[in-house]
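What follows is a single structure, written as structure tokens, with notes after it.
Just so it is clear, none of the values below were taken in a lab; they were calculated from the coordinates. These figures come from a predicted structure and were not determined experimentally. When we count neighbours, we look across all protein chains shown, and the Cβ atoms used for this are built from the backbone with ideal geometry, even at glycine.
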Amino acid sequence: MKSIKNLTRFTYETSAFQGWRLAMSRKGATFTKYFSDKVYGDEAKSFAAAEAALAALKTLLDSAKLVDGKHTAATKAKVEKLLTKA
């Protein structure tokens with residue numbers, strides 16, 4: 001799979017987790033979500049889910065209003081809800 005900015009592949013043999021990590025920092029806030037191969041079925045399906053969540057996250061953050069150059073608590077709550085559903 002080709003790497004995409006903000007998506008990292010974890011495939012450690014000694015770890016219980018194998019999958020993708022979505023991590024994005026914007027305006028002083030960091031958002032992270034893990035997409036496990038076990039949960040989504042395989043590497044391709046977990047990547048597709050992570051990629052879809054990344055696109056939704058970018059859309060939400062790009063259209064969000066800023067207060068003093070930072071995201072509001074409401075925006076952060078919307079992001080957390082979006083990532084929970086992903």
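What GluC sites (Glu not before Pro) does segment 3-86 have in DSSP loop regions with at most 16 other beta carbons within 10 Å? The qualifying sites are E13.
What the phi angles of segment 53-67 give under the Karplus curve with 6.51, -1.76 and 1.60, with θ = phi - 60°, is a coupling list of 5, 5, 4, 5, 5, 4, 4, 5, 6, 5, 9, 6, 7, 10, 10 Hz, glycine and proline written as x. For trypsin sites (Lys or Arg not before Pro), the sites in segment 1-58 that DSSP calls loop and that have at most 15 other Cβ atoms within 10 Å are K2, K5, K27. Listed values for segment 11-26 are Karplus-derived 3J(HN,Hα) couplings in whole Hz (6.51 cos²θ - 1.76 cosθ + 1.60, θ = phi - 60°), namely 9, 7, 5, 8, 9, 6, 9, 9, x, 10, 10, 9, 9, 9, 10, 9, and x replaces Gly and Pro. Near T72, the amide H atoms lying under 5 Å from its own belong to V67; only residues 5 or more places off or on other chains count, and H is placed 1.01 Å from N. Of the chymotrypsin sites (Phe, Trp or Tyr not before Pro) found in the chain, the ones in coil according to DSSP and having at most 15 other Cβ atoms within 10 Å of their Cβ are Y12, F17. Candidates A73, L54, A29 compared by Cα position along the dipole of the chain: farthest toward the positive end lies A73, with charges placed on Cβ.
For the options S25, S46, S36, a Gaussian network treatment of the chain with springs between C-alpha atoms closer than 10 Å singles out S25 as fluctuating the most.
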